[in-house]
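Values quoted throughout were computed directly from the atomic coordinates according to the rules given, and no laboratory measurement underlies them. Owing to the predicted nature of the structure, the values given are computational and were not obtained by experimental measurement.
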Amino acid sequence: MTENRFLPYILSFVLIVFTAFTFYMFGSMDRTEPVTASSDSSVEGESNSSSTSNGDSNEISNSIENEINSENGTIDNTITNEINGANGDIDNNIDNRINGENGDIKNTIENIINGDNAQIDNNIENHINNSSNNLIDNSITNNIEVNVDVNVTNNITNNIESSGTEEDSETENGNGDENGNGVQNGEGNGNGEGNGEGTNGEDTPETVWGVDSASITTDEMLMCVRENFGDPEVWARYLRDKDGVSYGLRQDEVELLHSNDIDIMVIWNHFEDATGYEKGQSQANEAIEEAREFGIPEGVAIFANVEPIYPIDSGFLLGWYETLAESEYESGVYGIFHPDRDLYIAYEAAAEENPDLMENNYVWTSSPNHGITTEDNAPDYNPEAPEGSLIAGWQYGIDAETCNIDTNHFDSNVFDALWSNE
């Protein structure tokens, strides 16, 4: 009787322990872990991750690992991250390994950031061993709408140990370059020759691909760009040295670029306060004088470089434009022409005071920033600028550590205002 009296309590205790264990097991299954697939037969692995974060101090980390030991192994990974707010940090890591015949790997990463102070690290490693007829397709898209202090690093490593020939393997990489910037040493100056006529004609393309750089252009640098990025048709460079920031254009650069059928876009960056009509006027006069001494032909546009940290107002823009409009040169302005930026607001205000500015001043915009790419993987042409403005080009990617360049689409509008060798 005594034992029967305690039996309900014993059963209740056992039931509680069983329930707690069940909740623990199911809870563990919901925890985020690296995705791992392993098999000794034909396998198709698919991994998808989508994350959205709103607010400040956002962090998103994705880690995917796939291992397939089989024939006809296929891996398809897709990661989409979106951050709306300041201090965005995205870290994507994908590690794929296939041991077997006919290995196919596809990786797609899309990062969207609307905010400042962003850090994006994308790392992809693909290893295919003992196989033939391989296909690797890597695609990385970084869409950064507001780009103050943004660092993007894309690392792609493909390691194929194939039992077939090189013709059996196909590899495609999108956006696989790291960020950084700086200037390189160089000497020399002189006078140039040529004219301001561009490459317009009956078959004029809407845009051409090109670069800009703070470094001096050499044979080695040109080869670096062609081997790692593409074949530029326009190369933007600065007038006169600015200590610690940029090296000015040299005569031997002009000869090198023109001998390779590359047109030159001219930049002026010798100011850090872009306020006041007199300031714009004085900077324009200084740029005009420098261009004349260097031998830049009439009709070429000179672009005022307005960095995002510079104070800016409509007076400066009017002083710059109206002074250049009275000279033998054309007027242009470079900067982040995003609707929320002071430059965009000041530009529209200046155009209200003088409508000719909207029609005749060239706008070279760095908004939106998609990140550095090769020429073949450049984004579709989609610059941001005030409505009705004369767009010269779109700097869609900044600060490539390799070769020290930024990447651009240059608009057909500006072809007549480039320094060509014709």
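Report, for the stretch 212-301, the % of DSSP beta bridges that are antiparallel, rounded to 5.
10
If you build the convex hull over the alpha carbons only and average its shadow over all orientations, what do you get for the stretch 207-417? Give it in nm² to one decimal.
10.5
Give me the percent of DSSP beta bridges within the stretch 207-417 that run antiparallel, rounded to the nearest 5. Write down the numbers at each step before the final one.
On the way: 12 of 38 bridges.
If we restrict to bridges inside the stretch 207-417, about 30 percent are antiparallel.
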